[in-house]
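A.B. asks: I'd like to ask you about the structure that follows.
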There are 2 protein chains.
Amino acid sequence: MTCTFDILARDPRTAARNGRLNTAHGIVETPVFMPVGTQATVKCMTPEELHELKAQIILGNTYHLVIRPGAGLIAKAGGLHKFMSWDGPILTDSGGYQVFSLAKLRKISKDGVEFQSHVDGATLFLGPCESIAAQVALGSDIAMAFDECPHWPCDREYACSSLELTVEWAARCREQKLADGQLLFGIVQGSVYPELRERGARELVAIGFDGYAIGGVSVGEPPAEMVRQVEMTVPFLPPDKPRYLMGVGTPPQILDMIACGVDMMDCVLPTRVARNGTIFTTSGTYSIRNAQFQDDFGPLEEGCECYACRRFTRAYIRHLCKANEILGLRLMTWHNLHLYLSTLRRAREAIAAGRFEEFRREFASAYTEGIGVDESV
Amino acid sequence: MTCTFDILARDPRTAARNGRLNTAHGIVETPVFMPVGTQATVKCMTPEELHELKAQIILGNTYHLVIRPGAGLIAKAGGLHKFMSWDGPILTDSGGYQVFSLAKLRKISKDGVEFQSHVDGATLFLGPCESIAAQVALGSDIAMAFDECPHWPCDREYACSSLELTVEWAARCREQKLADGQLLFGIVQGSVYPELRERGARELVAIGFDGYAIGGVSVGEPPAEMVRQVEMTVPFLPPDKPRYLMGVGTPPQILDMIACGVDMMDCVLPTRVARNGTIFTTSGTYSIRNAQFQDDFGPLEEGCECYACRRFTRAYIRHLCKANEILGLRLMTWHNLHLYLSTLRRAREAIAAGRFEEFRREFASAYTEGIGVDESV
């Protein structure tokens with residue numbers, strides 16, 4: 001197979017790099033932000049709108065899709081791309097995270113996890129074999145190894161045995177037959193322990209994957225702890241494979257992680273908080289619900305070229321938001337995704353121009369956390 | 001001013017007619033169905049999508065808009081068209097219906113109704129003067145007279161005094177200064193009493209309006225009773241002015257009412273039941289939630305050319321619906337509006353071809369009420 005991942009440019013002052021990832025449904029230019037399409041839909045958005053926003057690749061959640069509507073139905077539909085009418089690349093996570101965070105846990109064995117669905121309480125089993133089989137049925141372009149994602153904090157002993165299980169499961173995933181052209185990424189765990197993170201990375205590299213994710217972050221730890229876990233892992237990941245940091249983050253965090261050598265990120269943040277009225281801008285976040293916007297007839301963000309900003313005012317979108325109108329959710333989601341995706345575009349341009357650190361610092365200094373980002377939906 | 005309403009064609013066998021209504025924001029070809037945009041948005045839809053669906057005119061609810069976000073704010077935005085970015089014609093109702101159905105009623109006087117907002121309990125007053133002033137501030141193309149809409153059933157004595165108040169308020173509305181180019185329609189009440197309906201029509205015509213609505217229907221009466229009220233009213237409405245039947249109906253009902261000489265109708269039905277998973281088709285309605293559609297990879301309606309049917313399957317939309325996903329609400333709303341608007345287009349074509357009765361009968365015989373239309377949202 002042709003080279004999956006090419007490095008196109010390296011920033012002179014940071015570990016940031018531009019890459020090109022070849023997938024069965026097209027090329028992804030990295031660094032990239034992946035909108036999350038949990039239940040076979042990026043909430044509120046049509047595929048055409050995602051293309052208009054220049055989203056290159058989206059994420060689907062295997063756990064949710066296995067529970068509803070079921071991998072079998074989606075396979076019957078011809079795979080997830082056909083089911084949801086998205087013809088671009090799709091990355092599916094393995095279900096490992098949700099099994100440990102959402103499901104009512106029954107029991108962990110060497111073969112996987114028996115659990116009760118959070119939707120209807122049905123007893124299900126998900127392990128490396130079942131997860132890969134589901135992702136094959138879904139037909140994603142990038143599948144993720146089934147891992148155990150420990151909570152934070154967790155003691156070293158638990159982190160160690162959890163890592164061992166994750167590595168064993170990763171090896172089992174690697175043995176499974178994938179769909180044509182489907183890539184497989186491993187997930188490095190190890191919690192906050194440097195030697196475990198190093199060990200996890202080395203052992204996954206020894207198995208050999210198409211890319212490497214850093215998991216077990218954004219699970220409640222302080223931001224600085226998240227960064228440390230990335231810094232203690234990346235040096236042990238091969239430079240010629242993509243690095244995927246799962247579940248991160250705010251725009252400044254994303255730029256910081258790119259500077260660390262991360263190529264891919266996903267996060268529900270822009271879409272989830274949009275539905276609560278929190279607007280992302282290059283200056284930071286704010287809540288459209290704030291009274292000061294009641295008669296503000298400017299756009300969500302001055303100078304933004306997204307559909308919401310070209311056509312509608314803060315006053316109107318605030319009205320929609322307070323009136324619980326679906327169009328409001330659409331417009332805020334649209335804008336937030338535009339902010340994220342355009343920021344990543346600018347990041348790639350800055351890397352190509354050899355000025356990423358300057359871009360990152362300018363962005364960070366202009367960006368202020370706003371009136372309390374409410375992430376609890 | 002040029003002629004507001006031209007009759008372009010009369011069906012030879014029914015009272016149906018094609019018309020052209022000139023408004024400040026464009027021409028409306030009648031008979032027409034008006035999607036309802038209660039809170040300055042047709043739920044789920046952007047203005048572009050409404051144009052794509054060839055919606056000619058939409059309805060805004062004065063009561064809701066006065067309460068939130070307020071007529072003053074909308075005026076400050078430049079009017080409702082600018083506020084919601086819809087550049088086509090808008091009809092605003094007067095608030096009369098909601099005041100009597102939604103608000104916690106305080107008291108009726110000769111000048112209007114003092115009531116408590118259903119949103120925040122604030123004490124408000126709405127009468128002919130306030131209603132027209134609000135509609136002027138909103139800047140709609142067609143304003144409605146402020147009326148009293150009696151419940152069904154109501155005794156003759158109540159219907160009579162209610163009608164007298166409605167006619168007096170209509171006269172007061174007529175005296176108000178309207179916005180440039182704004183039309184004003186009167187609303188005929190009279191409940192189920194033929195002599196009251198006749199009296200209401202004659203007295204409104206004597207005052208003189210740009211169009212005449214039949215109100216007080218679709219308030220719980222049996223469908224046959226609704227038809228009777230229309231039949232007892234239309235003969236007394238001038239043939240050269242548009243007739244607007246408020247709050248009606250299913251597609252077959254709409255065609256029946258066109259045959260009676262009705263030119264304009266609005267109803268929340270297609271959009272409201274869409275959000276419950278009820279799909280309108282030329283064969284009738286059905287619920288997408290039904291298990292038989294779980295693996296049905298055909299469109300919502302075979303042969304339908306709407307976006308939802310061209311791009312997505314029943315199985316997927318059913319999944320979205322059961323997963324409470326907003327994209328599902330969008331697609332079902334889209335399809336139902338397309339069904340309604342395309343049916344009206346076909347009606348106009350049939351009238352122009354002199355075969356409306358044939359079209360109406362064919363449509364009715366193909367149409368079967370489906371698996372229980374759930375109108376309770």
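A.B. asks: Scan segment A:236-244 and tell me whether some residue there is among the basic types (Lys, Arg), closer than 25 Å to A:Leu344 by Cα, touching a strand residue (DSSP E or B) at 6+ places or on another chain (Cβ under 8 Å) and surrounded by fewer than 24 Cβ atoms within 10 Å (Cβ to Cβ).
C.D. replies: Yes, segment A:236-244 has at least one match.
A.B. asks: Moving on. Working only within segment A:316-331, note down all residues that are touching a helix residue (DSSP H, G or I) at 6+ places or on another chain (Cβ under 7 Å) and either at the interface with another protein chain (Cβ under 7 Å from one of its Cβ atoms) or over 9 Å from B:Cys44 (Cα atoms) (or both).
C.D. replies: Once the filter is applied, which keeps residues that are touching a helix residue (DSSP H, G or I) at 6+ places or on another chain (Cβ under 7 Å) and either at the interface with another protein chain (Cβ under 7 Å from one of its Cβ atoms) or over 9 Å from B:Cys44 (Cα atoms) (or both), segment A:316-331 yields A:Tyr316, A:Ile317, A:Arg318, A:Leu320, A:Cys321, A:Ile326, A:Leu327, A:Leu329, A:Leu331.
A.B. asks: B:Val66 is checked against (1) away from chain A (no Cβ under 14 Å); (2) crowded, with 20+ Cβ neighbours inside 10 Å and fails just one. What number does that condition carry?
C.D. replies: With (1) away from chain A (no Cβ under 14 Å); (2) crowded, with 20+ Cβ neighbours inside 10 Å applied to B:Val66, the lone miss is (1).
A.B. asks: Select, from A:Gly37, A:Gly19, the only residue that is at pLDDT 95 or above, on the phi < 0 side of the Ramachandran plot and within 14 Å of another protein chain (Cβ to nearest Cβ). Spell out how you get there, then give the answer.
C.D. replies: Details: A:Gly19 fails: within 14 Å of another protein chain (Cβ to nearest Cβ).
Just one listed residue meets the conditions, A:Gly37.
A.B. asks: Anything in segment A:285-304 that is under 24 Å from A:Pro252 (Cα atoms) and without any contact (Cβ under 8 Å) to a residue 12 or more places away in the chain? List them, or say none. Write out each step before concluding.
C.D. replies: Narrowing segment A:285-304 to residues under 24 Å from A:Pro252 (Cα atoms): A:285-290, A:299-304.
Once the filter is applied, which keeps residues that are under 24 Å from A:Pro252 (Cα atoms) and without any contact (Cβ under 8 Å) to a residue 12 or more places away in the chain, segment A:285-304 yields A:Glu302, A:Gly303.
A.B. asks: Just for strands (runs of 3 or more DSSP E) wholly inside segment B:52-110: which have at least 3 residues that are more than 30 Å from B:Glu305 (Cβ to Cβ) and free of Cβ contacts under 8 Å to residues at least 60 places away in the same chain? Let's see the steps before the verdict.
C.D. replies: Values: elements: B:58-61, B:90-93, B:104-109.
Answer list for segment B:52-110: B:104-109.
A.B. asks: Taking segment A:81-99 on its own, how many of its residues are within 14 Å of another protein chain (Cβ to nearest Cβ) and either crowded, with 24+ Cβ neighbours inside 10 Å or within 20 Å of A:Glu29 (Cα to Cα) (or both)?
C.D. replies: Going through segment A:81-99, the residues within 14 Å of another protein chain (Cβ to nearest Cβ) turn out to be A:81-87.
In the following step, the residues that additionally are either crowded, with 24+ Cβ neighbours inside 10 Å or within 20 Å of A:Glu29 (Cα to Cα) (or both) were identified as A:81, A:83-84, A:86-87.
Of the residues in that region, 5 qualify.
A.B. asks: Another question, then. Checking B:Ala353 against (1) within 11 Å of chain A (Cβ to nearest Cβ); (2) free of Cβ contacts under 8 Å to residues at least 60 places away in the same chain: exactly one of these is not met. Which one?
C.D. replies: Condition (1) is where B:Ala353 drops out.
A.B. asks: Counting just the residues of segment A:118-165 that are touching a residue at least 60 places away in the same chain (Cβ under 8 Å) and touching an Asp or Glu at 6+ places or on another chain (Cβ under 7 Å), which one comes out surrounded by the most Cβ atoms within 10 Å (Cβ to Cβ)?
C.D. replies: So, considering only residues that are touching a residue at least 60 places away in the same chain (Cβ under 8 Å) and touching an Asp or Glu at 6+ places or on another chain (Cβ under 7 Å), the one surrounded by the most Cβ atoms within 10 Å (Cβ to Cβ) is A:Met144.
A.B. asks: Which ones in segment A:163-193 are assigned to a helix (DSSP H, G or I), under 22 Å from the mean Cα position of the chain (by Cα) and over 26 Å from A:Ile90 (Cβ atoms)?
C.D. replies: Here is the first cut: in segment A:163-193, the residues assigned to a helix (DSSP H, G or I) are A:163-175.
Checking which are under 22 Å from the mean Cα position of the chain (by Cα) leaves us with A:163, A:166-167, A:169-170, A:173-174.
Correct list: A:Leu163 only.
A.B. asks: Whether any residue in segment A:274-291 is at pLDDT 95 or above, touching a strand residue (DSSP E or B) at 6+ places or on another chain (Cβ under 9 Å) and more than 24 Å from A:Lys43 (Cα to Cα) is what I want to check.
C.D. replies: yes
A.B. asks: Let me ask you something else. Report the residue count in segment A:300-313 for those that are within 11 Å of another protein chain (Cβ to nearest Cβ) and either of a type in the set (Ser, Thr, Tyr) or crowded, with 18+ Cβ neighbours inside 10 Å (or both).
C.D. replies: Let us first name the residues in segment A:300-313 that are within 11 Å of another protein chain (Cβ to nearest Cβ), namely A:307-308, A:310-313.
From the residues that got through so far, the ones that are either of a type in the set (Ser, Thr, Tyr) or crowded, with 18+ Cβ neighbours inside 10 Å (or both) too are A:307-308, A:312-313.
Qualifying residue count, segment A:300-313: 4.
A.B. asks: Return the total of residues in segment B:250-265 being surrounded by 22 or more Cβ atoms within 10 Å (Cβ to Cβ) and touching an Asp or Glu at 6+ places or on another chain (Cβ under 8 Å).
C.D. replies: Of the residues in segment B:250-265, 0 are surrounded by 22 or more Cβ atoms within 10 Å (Cβ to Cβ) and touching an Asp or Glu at 6+ places or on another chain (Cβ under 8 Å).
A.B. asks: Now, a different point. Would you check which residues across segment B:205-214 are in contact (Cβ under 8 Å) with a residue 40 or more places away in the chain and within 23 Å of the chain's Cα centre (by Cα) and list them? First the steps, then the outcome.
C.D. replies: Here is the first cut: in segment B:205-214, the ones in contact (Cβ under 8 Å) with a residue 40 or more places away in the chain are B:207, B:209-211, B:213-214.
B:Phe209, B:Asp210, B:Gly211, B:Ala213, B:Ile214 - these are the residues of segment B:205-214 that are in contact (Cβ under 8 Å) with a residue 40 or more places away in the chain and within 23 Å of the chain's Cα centre (by Cα).
A.B. asks: Of the numbered conditions (1) in contact with an Asp or Glu (Cβ under 9 Å, 6 or more places away or on another chain); (2) modelled with pLDDT of 95 or more, B:Tyr97 satisfies every one except a single condition; which is it?
C.D. replies: All conditions are met except number (2).
A.B. asks: Can you pull out the residues in segment A:100-117 that are at negative phi and crowded, with 18+ Cβ neighbours inside 10 Å?
C.D. replies: Within segment A:100-117, A:Phe100, A:Ala103, A:Val113, A:Phe115 qualify.
A.B. asks: Another question about this same structure. Give segment B:116-128 a look and list any residue that's within 22 Å of B:Ala171 (Cβ to Cβ) and of a type outside the set (A, V, I, L, M), or say none.
C.D. replies: Matches in segment B:116-128: B:Phe125, B:Gly127, B:Pro128.
A.B. asks: Regarding segment B:83-94, can at least one residue be identified that is under 24 Å from A:Gly298 (Cα atoms) and polar (S, T, N, Q)?
C.D. replies: Yes, segment B:83-94 has at least one match.
A.B. asks: Continuing with the same structure: Could you count how many residues in segment A:1-49 are part of a strand (DSSP E or B) and either touching a helix residue (DSSP H, G or I) at 6+ places or on another chain (Cβ under 9 Å) or among the aliphatic types (A, V, I, L, M) (or both)?
C.D. replies: Of the residues in segment A:1-49, 15 are part of a strand (DSSP E or B) and either touching a helix residue (DSSP H, G or I) at 6+ places or on another chain (Cβ under 9 Å) or among the aliphatic types (A, V, I, L, M) (or both).
A.B. asks: Would you confirm, using the coordinates I've provided, whether A:Leu337 is within 20 Å of A:Gly284 (Cβ to Cβ), at pLDDT 95 or above, in contact with a Pro (Cβ under 7 Å, 6 or more places away or on another chain) and of a type in the set (A, V, I, L, M)?
C.D. replies: When the stated conditions are applied, A:Leu337 passes them.
A.B. asks: Does any residue of segment A:359-371 turn out to be closer than 25 Å to A:Ile90 by Cβ, touching a helix residue (DSSP H, G or I) at 6+ places or on another chain (Cβ under 9 Å) and among the hydrophobic types (A, V, I, L, M, F, W, C)?
C.D. replies: For segment A:359-371, residues closer than 25 Å to A:Ile90 by Cβ, touching a helix residue (DSSP H, G or I) at 6+ places or on another chain (Cβ under 9 Å) and among the hydrophobic types (A, V, I, L, M, F, W, C): absent.
A.B. asks: In this structure, is A:Leu138 within 14 Å of chain B (Cβ to nearest Cβ), under 24 Å from A:Pro35 (Cβ atoms) and at pLDDT 90 or above?
C.D. replies: Taking the combined requirement at face value, the residue satisfies it.
A.B. asks: Only one of (1) touching a residue at least 12 places away in the same chain (Cβ under 8 Å); (2) outside any helix (DSSP H, G or I); (3) within 25 Å of A:Gly37 (Cα to Cα) fails for A:Asn324. Which number is that?
C.D. replies: Against the list (1) touching a residue at least 12 places away in the same chain (Cβ under 8 Å); (2) outside any helix (DSSP H, G or I); (3) within 25 Å of A:Gly37 (Cα to Cα), A:Asn324 comes up short only on (1).
The values are calculated or read from the model by the stated rules, or taken from the named source; none is laboratory data. Predicted model only: the values in this text are computed from it and were never measured. All Cβ positions, even for glycine, are placed from backbone atoms using ideal geometry, and neighbour counts span all protein chains on display.
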